[in-house]
1. Applying a 10 Å radius around every beta-carbon, put A:145-158, B:80-93 in order of their mean neighbour count, most first.
2. If one takes the accessible area of chain A alone plus chain B alone and subtracts that of the pair, with a 1.4 Å probe, what total in Å², rounded to the nearest 100, results?
3. Residues of the stretch B:306-327 that become at least 10 Å² less accessible with every protein chain present than in their own chain isolated, using 1.4 Å: which are they?
4. Over 20 Å intervals from 0, what percent of Cα-Cα pairs in chain B sits in each interval?
5. Kindly write out, for the stretch B:25-37 in residue order, the coupling ³J(HN,Hα) from the Karplus curve 6.51 cos²θ - 1.76 cosθ + 1.60 (θ = phi - 60°), rounded to whole Hz, with x marking Gly and Pro.
6. Would you kindly derive the ³J(HN,Hα) couplings of the stretch B:281-296 from the backbone phi angles with the Karplus curve 6.51 cos²θ - 1.76 cosθ + 1.60 (θ = phi - 60°), listing them in order in whole Hz, with x for Gly and Pro?
7. Taking H placed 1.01 Å from N in the peptide plane, check which residues at least 5 places from B:Gly203 or on another chain put their amide H under 5 Å from its amide H.
8. Among the lysines, select those whose C-alpha is under 26 Å from the C-alpha of A:Lys109, and discard any that sit fewer than 8 residues away in the same chain.
Amino acid sequence: MRYPLFLRATVLGVALLLAVALLSAACGDGDDREASAPGSATAVTVTTPSASASPAASVVAAFPVSVTDSGGTTVTFTEAPKRIISYSPGATEVLFAVGAGGQVVGVDKFSDYPPETSTKTRLEYSKPAPEPALALQPDLVIMATRQEGQVAQFRALGMTVLLLKEPADLAAVLDQIRTLGKVTGHAAEGERIAATLEERIDAVEKRVAGVIDGPLVFYEVSPELHTAGPQTFIGSLLATAKAKYVAQGATTAFPQLSAETIISSNPAVILLADGGGSGSQSASTVIARPGWEGIDAVRNGRVHVIDSNLFNRPGPRVVDVLEQLVDILYPDLQ
Amino acid sequence: MSVRARLVFARPAARPAAHLVLAAGIPVLVAAVIIATSVGAVSIPQTTVAATILRHLAGQGGAGGPADTIVWDVRLPRVLLAGMVGGTLALSGATYQSVFRNPLADPYLIGVASGAGLGAAIAIVSPLPLDYYGFGYVALFAFVGALAAVALTYELARSGRTVPTANHVLAGVAVSAAATAATTLVMMLNEARAFVVFSWLYGDFTTSSWEKLRLASPYVGVSWVVLLLCTHRLNALQLGDDEAATLGIRVERLKIVTVVVASLATAVCVALSGLIGFVGLIVPHACRLLVGPDNRVLFPVTLLFGATFLILADLGARMVLAPQELPVGIITAAAGSPFFLILLRRQRRGLP
């Protein structure tokens, strides 16, 4: 068969385009751009550039500092980073709490606490594009669980990335506060905050030490009756507060329960994470649900709307949440 | 090919206008690449963009600094990958429409999409390291899932040594439904990571890299060559299986080769950029309205315009709400359907 000349030319042109793409791919790819093979345990040492002015007076920690992140990568800092991007609302709170707020240049769109975050450049949270991040010329990028898949991409583009997955329990929150204090040059402040929080956690634990049979809690995430299981941070808070909860045996993070399961388990306390600013549920909507009027929590007026942002965000305010939770669960226990 | 076949197909199929469309395709594509590389969430002067690219092409390496990285390592691979994926999906769609003689056929018809989705979902919820950069486990599982679904569909549809077209399409629907159900189950059982699966399923070019381009180019390039070489035979197939056979075409072999090649190329694209709908369905139809049904012209035109379309759609995805990005599938549907309807109406009035 014969193709017209222009067609053959087109095929040739396309082939050429492809060749150019391949060639430029080969050129643009320096030795330091090696993609890690899947599964290989990567232990890269990343160093921040050290060609700038001396650290601020408040920065006292001894550098270099090396930390191992949640991905098992050891990241070394020769000096305190001055242009930090945080893609994690929890980490953002920690950064501001330890006094590194001035070093932050960009935060994800859910980082809304403290209010000073409003002056920082807003970035995406899910699958953030690298371009706006590069434009900020960061010397440290903090990523969390949701950005895990992009750590290698950002590193390949020359950015120093610390992967700090969302902590699963209170001890892990304290660890992250210490880690972030250390790498930002605010080790003493991080240590001080962690120690204070530890004392408050101890106090709470003492408060509930005598509790043998805590109240049964239903923590409502959505009006479709999704709740929090034991793998979640909420689960660990409830366990610390010695509460039992309806989804205690769940194998998934946020299982959906049937109304009859909840009604028959008869929880003593209902916590609504889908009320207030996060949804339309309240004590009165719960009472109106058919069959719910007989539940102990409803009859005794123990249906509480809680701030789901606080409960979901493992930052320095988690101990506030824990104390608040214990106040709700044990109104008689002081 | 027999003499008779030649006689049948030696008609002056391509209109002069079709040649013009094809000739215009390459400069239009090049213009799209240039525009899409010049514009982004971060404003970089055109002269810097041009200087950066020329310096790299001349082999002088990068100048360093964020502008250099943004233009060369972020934007250009993204634009080229979007073009490669767009062209491949459109070409695969044209192939499926031709082989299955079904105007609703798209590259995802026989299970590629749902198989890839299931593979990716399993990789994402597994303890394997999550990495969208290069060809990580997610892409690998998606690729394997896509091929497994295609093989299963084929095996289910096979009756003896032939694969009746209707069986093939129906088996594809069944396999897709089963794989989609399994994907949903995997997500339900792992809510903590369901969002990650969800955002993967949407498809986007945020995580493009030279690495991905280099990995995909060989497969995709071979598929382009094979499919473009089969256009003449696929023309004959439009007469029907038996008629094509009497023209000396080995119908079953042609179907297998083209479908496998198109599926393989689609699987590579899906593995690297997720599921991007609409391109594979609409672009071939739009091109058909422009240049007519002769596959010898239609396929290269589809390749070029598929690439151009997805590059511009991705540009839209980056720019409409910049710096926030939209899933590119929203743009392909929003921009593609009105354009397609206009073409369709003009065709009815007999204008083009």
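The values are calculated or read from the model by the stated rules, or taken from the named source; none is laboratory data. Being a predicted model, the structure only gives us computed values, none of them experimental. Glycine gets a Cβ as well: all are built from the backbone with ideal geometry, and neighbour counts include every protein chain shown. Accessible surface areas use protein heavy atoms only, side chains included; no ligands, DNA or RNA. Shrake-Rupley method; radii C 1.70, N 1.55, O 1.52, S 1.80 Å.
1. B:80-93, A:145-158
2. Counting protein atoms only, the buried area is about 4700 Å².
3. Buried-area filter returns B:Pro323, B:Gln324, B:Glu325.
4. Result, from short to long distances: 29, 56, 14, 0 percent.
5. So the Karplus estimates, Gly and Pro as x, are x, 5, x, 5, 4, 4, 4, 4, 4, 5, 4, 5, 7 Hz.
6. 8, 7, 4, x, 5, 4, 5, 4, 5, 7, 10, x, x, 5, 4, 4
7. B:Leu275
8. Within the straight-line limit of under 26 Å, A:Lys109 reaches these lysines: A:Lys82, A:Lys120, A:Lys127, A:Lys165, A:Lys182.
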